[in-house]
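One structure is given here, and the rest of the page talks about it.
Read-outs throughout are calculated quantities, based only on the coordinates presented, and are distinct from any laboratory measurement. Worth saying up front: this structure is predicted, and the values here are computed from it rather than measured. So basically every Cβ, Gly included, is an ideal-geometry build from the backbone, and we count neighbours across all protein chains shown.
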Ligand SMILES: [Zn+2]
């Protein structure tokens, strides 16, 4: 009842030398799937109609036009495209939509999308922070064609500012995030919460297990009250203590714990339906061990 979606094109999104969001991240996760004897399902492309629920045509065309013939083209200071990036981006968004189709059709209850580029910083009309298309939001709006209430839990160490922006426009879209603050992108303050629907819980630098779990215990109460019919996880593992991009001290056990709590909440409200998609996580060993803990908790609970 558990599936992992990925696509070889996601390895061909080449962000250039020295970029933290690199193909090796996905390579170690595909090796992990082999070691865990998890079969992977090839992801489909996102349909134009699915992209258009989040992104205007003008933006989608601009992304396609920006694909370079060789080397890298920068969409902004952090977000690079290579000749393979369009294919990767449409398969990253397509994986989440395919997971939605399969989970809502009862083919599996849980899914993990091992994809890149990530998505939670992408806005409807602009890329940001290594993200081109808003993968999880595209999946969320795809699901909202069939169900009334979905929830996104984002435990990446950075605020999912793109997802937050999109969630605010849709009454059936619950978004919650823990993130280091202050840190890029500088948003996600609880003062801007929409009560019971957009719930941001910043963590100070050097916070660890206790602060992370306390924040999520609070968030989970709001999520329980919302009664989601499907739960998405924006699964970023850059809050790990060994990650070079932030200063939060989580361990593999914390990722197992939050995954277990989210799957239990899904069991209470929606037959266990959880779709997780990879966001950040830049230390390869920490990423591999954290995803292993995440997948074990997804597959076993
Ligand atoms: Zn991140």
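A few remarks follow.
- Within region 15-33, no residue that is touching a residue at least 12 places away in the same chain (Cβ under 8 Å) sits with its Cβ atom under 6 Å from a residue that is exposed (fewer than 13 other Cβ atoms within 10 Å of the Cβ) at 6+ positions apart or across chains.
- In region 261-287, the residues that are in contact with a strand residue (DSSP E or B) (Cβ under 6 Å, 6 or more places away or on another chain), within 16 Å of the ligand (Cβ to nearest atom) and assigned to a helix (DSSP H, G or I): 286
- Flag if residue 206 is within 15 Å of the ligand (Cβ to nearest atom), touching a strand residue (DSSP E or B) at 6+ places or on another chain (Cβ under 9 Å), within 30 Å of residue 78 (Cα to Cα) and outside any helix (DSSP H, G or I): no
- Only one of the numbered conditions (1) in a helix (DSSP H, G or I); (2) within 13 Å of the ligand (Cβ to nearest atom); (3) out of contact with any helix residue (DSSP H, G or I) (no Cβ under 8 Å at 6 or more places or on another chain) is not met by residue 290, and that is (3).
- Qualifying residues in region 210-249 (those that are in contact with a strand residue (DSSP E or B) (Cβ under 7 Å, 6 or more places away or on another chain) and without any contact (Cβ under 8 Å) to a residue 60 or more places away in the chain) - the one surrounded by the most Cβ atoms within 10 Å (Cβ to Cβ): 240
- Filter result (out of contact with any strand residue (DSSP E or B) (no Cβ under 7 Å at 6 or more places or on another chain) and touching a residue at least 12 places away in the same chain (Cβ under 8 Å)) within region 187-203: 187, 194, 196
- Residue 142 meets each of the listed conditions (1) assigned to a helix (DSSP H, G or I); (2) surrounded by fewer than 24 Cβ atoms within 10 Å (Cβ to Cβ) apart from (2).
- A single member of 180, 145 is on the phi < 0 side of the Ramachandran plot and free of Cβ contacts under 8 Å to residues at least 40 places away in the same chain, and it is 145.
- Matching residues in region 154-192 - criterion: being under 20 Å from residue 290 (Cβ atoms) and away from the ligand (no atom under 13 Å from the Cβ): 176
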